[in-house]
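**Student:** Have a look at this one before I ask anything.
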Amino acid sequence: MARTVQPMPRVLIIEDDAESRRALAGLFTREEWKVLQANDGDAGLELALRNRPELILCDLLMPKSNGFQVCRTIREQLQPTKIIVVSGRDYGVDRASALQAGADEYLLKPISWELLSNTIDRLLPQIPRRPRPTSVAEDESVPARIRLWGVRGSIPVPGKSTVRYGGNTSCVEVRADGEIIVLDAGSGIRLLGLALDKEFGSRSMKLTLLITHTHWDHIQGLPFFSPAYNPKNLIRVLGYEGARAGLAKILASQMETPFFPVSLRELPSHLAIEELKEMEFQIGKVQVRSKFANHPGICAGYRLFTSSGSIAFFPDNEPYEQLKLQLASRDGIGEDEARNFAAAERAKMVEFIQGCDVAILDTQYTDEEYAKHIGWGHSSLSSVVSLALDADVRQLLLFHHDPNHDDEMISKMVEQARELVTKNGKPLEVEAAREGAEILLGAKTAVV
């Protein structure tokens, strides 16, 4: 027997405040409504008469036709359509006038989905409630999962010599406690987007993208992230303000006309960019702590605390030990002062990642290479292994592979790291981050 597909109910949101309009649209998109939007009364009336939506939400104070005029016109020409006035004004005369003009309900901003949903059930009982889309499978009891989509630093390096570990730049997916959290938007995020599209199909998705910093290899994949082109999807982008410009401005700049055919503001998804002000925050049930890294510009690392364990992510970071000693004379400080400063900063880093289950850390250089790149903002192999050992990390993933390192070189670095661990005697597992690898928190090794 053929399956009957229920058409998506349609809602028209007429609101001149862009943030309010976006917030309301996000609520309805999450519930799988088809959302139409207008920023003034005249545009709203035109959309309403052309599309005949089941429901209209409109503000009162808008340019061109105000909310009272919209209600009167809609009620005269679209009898079945239900109208909810959504206003920040709690005056009895406004409420009475709106209802007299044809509104079916008058709700005050800010509005919760629970109240809105109950009102819709009452006004439109013929529209069944749809199951609320979630980020991941409904079973939130599954262990947290990490998948690596981009592990390279600086620039993508496809080719025969990088097939094993991969050539895409920084992007890591974390599924934990009902959330999809994406760490960085390097070129690897394109493949992640394709996989998400295949997984969710016609269902909407919501996810959070955490940006460590806005160097190109950490944001260059965002314009090619296919879920951003689906109007059903909710994408929240979090990061810190850059040294010279705000996060939204930087992300938009790489999609301006000289560089890309579609601007950031034209992306159909509900994309919300938020600049972080705090160093601790929540993504659903996942607690996140952040720490600024030692890297040119504003760069952060994150630690995610899930119900299955914790993950530390520092794709770009330079330890202070050799850096401060080499620059001591230039900076006019003595060697002892430089050592003390470096030791104090190292202690903070050890404390931040102490006891984490998986640490994904910048290991761009061998020790020999680092000696020629001090001050470039990246780590050496021995310094990263030492840090992970002192912090009692359970599993270390060498990350941000140098574009000049082929598969053979990276494998040699893993062997050298394991030798250092053996000499130390602590039970630290070491792997090189490999594109496509998957790790379950609580499991011993990555899925190969």
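Laboratory data are not the source of any read-out in this text; all were calculated from the coordinates shown. On a predicted model such as this, the values are computed, not experimentally measured, just so you know. Note that we place each Cβ from the backbone using ideal geometry, even for glycine, and neighbour counts take in every protein chain shown.
**Student:** Under 5 Å between amide hydrogens, which residues at least 5 positions from Met205 or on another chain qualify, with H placed 1.01 Å from N in the peptide plane?
**Tutor:** For Met205, the qualifying residues are Asn233, Leu234.
**Student:** Reported to two decimal places, what Rg/Rh ratio describes segment 145-210 when computed on Cα atoms with Rh from the Kirkwood expression? Intermediate values should be presented prior to the final figure.
**Tutor:** Working: Rg = 12.6 Å, Rh = 12.5 Å.
That ratio is 1.01, to two decimals.
**Student:** Of Pro158, Ser226, Met255, whose Cα points farthest to the positive end of the dipole of the chain (charges on the beta-carbon: +1 Lys, Arg; -1 Asp, Glu; origin at the Cα centre)?
**Tutor:** Ser226
**Student:** May I pose another question? Could you give the alpha-carbon Rg of segment 329-448 over 2.2 N^0.38 Å, rounded to two decimals?
**Tutor:** Working: Rg = 15.3 Å, N = 120, 2.2 N^0.38 = 13.6 Å.
For segment 329-448, the normalised Cα radius of gyration is 1.13.
**Student:** Still on this structure: Beyond 41 Å, how much of the Cα-Cα pair distribution for the chain remains, as a whole percent? It would help to have the intermediate numbers written out before the result.
**Tutor:** Details: 29232 of 100128 pairs.
Tail of the P(r) past 41 Å holds 29 percent of the pairs.
**Student:** Let me ask something additional. Where the convex hull is taken over the Cα atoms of segment 1-111, what is its projected area averaged over directions, in nm²?
**Tutor:** On the way: hull surface 29.5 nm².
Computed as one quarter of the Cα hull surface, the answer is 7.4 nm².
**Student:** Given a cut-off of under 8 Å on Cα pairs at least six residues apart, what relative contact order in percent is computed for segment 145-440?
**Tutor:** Details: 655 pairs, mean separation 53.7, N = 296.
Averaging sequence separation for qualifying contacts and normalising by length gives 18 percent for segment 145-440.
**Student:** Could you tell me how many degrees, from 0 to 90 and to the nearest 10, lie between the Cα long axis of helix 407-424 and the main elongation axis, the longest principal axis, of the Cα atoms of the chain?
**Tutor:** Roughly 70 degrees between the two axes.
**Student:** Another question about this same structure. Which of the residue pairs Lys82/Lys109; Lys198/Lys291; Lys82/Lys249 have a Cα-Cα distance greater than 28 Å in the structure shown?
**Tutor:** Working: Lys82/Lys109 18 Å; Lys198/Lys291 34 Å; Lys82/Lys249 39 Å.
Result: Lys198/Lys291; Lys82/Lys249 exceed 28 Å.
**Student:** Hey, what's the Kirkwood Rh for segment 280-341 if you take every pair of different alpha carbons, in angstrom? Show your work: numbers first, answer last.
**Tutor:** On the way: mean 1/r = 0.0726 Å⁻¹.
One decimal place: 13.8 Å for the Kirkwood radius.
**Student:** Positive end of the dipole of the chain, charges at C-beta (+1 Lys, Arg; -1 Asp, Glu), about the Cα centre: which of Thr363, Ser87, Gln395 has its Cα farthest in that direction?
**Tutor:** Selected residue: Ser87.
**Student:** With the contact rule set at Cα under 8 Å and sequence spacing of 6 or more, what percent relative contact order holds for segment 10-123? Intermediate values should be presented prior to the final figure.
**Tutor:** Values: 190 pairs, mean separation 25.2, N = 114.
Once normalised by length, the contact order is 22 percent.
**Student:** Let me ask something additional. In debye, nearest 20, what is the charge dipole magnitude of the chain about its Cα centre with +1 on Lys and Arg Cβ and -1 on Asp and Glu Cβ, if you could check? Provide the component values of the computation, followed by the final result.
**Tutor:** Working: 52 positive and 61 negative charges, 299 e Å.
Result for the chain is approximately 1440 debye, rounded to the nearest 20.
**Student:** Follow-up. Using a simple charge model, +1 on the beta-carbon of Lys and Arg, -1 on the beta-carbon of Asp and Glu, nothing else, what dipole does segment 10-123 show about its Cα centre, in debye to the nearest 20? Spell out each step's value before the answer.
**Tutor:** Working: 15 positive and 18 negative charges, 47 e Å.
Once rounded to the nearest 20, the dipole reads 220 debye.
**Student:** Given springs between every Cα pair under 10 Å in a Gaussian network model of the chain, which of Arg330, Arg89, Arg394 has the largest fluctuation?
**Tutor:** Arg330
**Student:** Would you mind telling me the antiparallel percentage of the DSSP bridges in segment 145-440, rounded to 5?
**Tutor:** On the way: 28 of 58 bridges.
Bridges in segment 145-440 are about 50 percent antiparallel.
**Student:** Let me ask something else. Which order, highest average first, do 248-261, 171-184 follow once you tally other Cβ atoms within 10 Å for each residue and take the mean per peptide?
**Tutor:** Working: 248-261: 13.5, 171-184: 24.6.
Order by mean packing, descending: 171-184, 248-261.
**Student:** Using alpha carbons only, how many degrees (0 to 90, rounded to 10) separate the axis of helix 113-123 from the longest principal axis of the chain?
**Tutor:** The answer is roughly 30 degrees.
**Student:** Further question: Would you list Thr422, Thr119, Thr363, Thr162 from fewest to most Cβ contacts within 10 Å?
**Tutor:** Thr422, Thr119, Thr162, Thr363
**Student:** Take each of the peptides 301-313, 266-278, 45-57, average the number of other beta-carbon atoms within 10 Å over its residues, and list them starting from the highest.
**Tutor:** Values: 301-313: 22.5, 266-278: 15.4, 45-57: 18.3.
Sorting 301-313, 266-278, 45-57 by mean packing, highest first, produces 301-313, 45-57, 266-278.
**Student:** By the gyration tensor of its Cα atoms, with a ≥ b ≥ c the square roots of the eigenvalues, what is the shape of segment 156-306: rounded for a/c under 1.5, prolate for a/b over b/c, or oblate? Don't jump to the answer; show the numbers that get you there.
**Tutor:** Details: a/c = 1.15, a/b = 1.07, b/c = 1.08.
Here segment 156-306 falls in the rounded category.
**Student:** What number, rounded to the nearest 500 deg cm²/dmol, is the helix-based mean residue ellipticity at 222 nm of the chain, given -39500 (n - 2.57) per DSSP H run of at least four residues and division by all its residues? Don't skip to the end; give the middle numbers.
**Tutor:** Numbers: 12 runs with 137 residues, N = 448.
My calculation for the chain gives -9500 deg cm²/dmol from helical runs alone.
**Student:** Let me ask another. For the charge dipole of the chain, defined by +1 on Lys and Arg C-beta atoms and -1 on Asp and Glu C-beta atoms about the Cα centroid, which residue among Ile283, Pro63, Leu192 has the Cα displaced farthest towards the positive pole?
**Tutor:** Pro63
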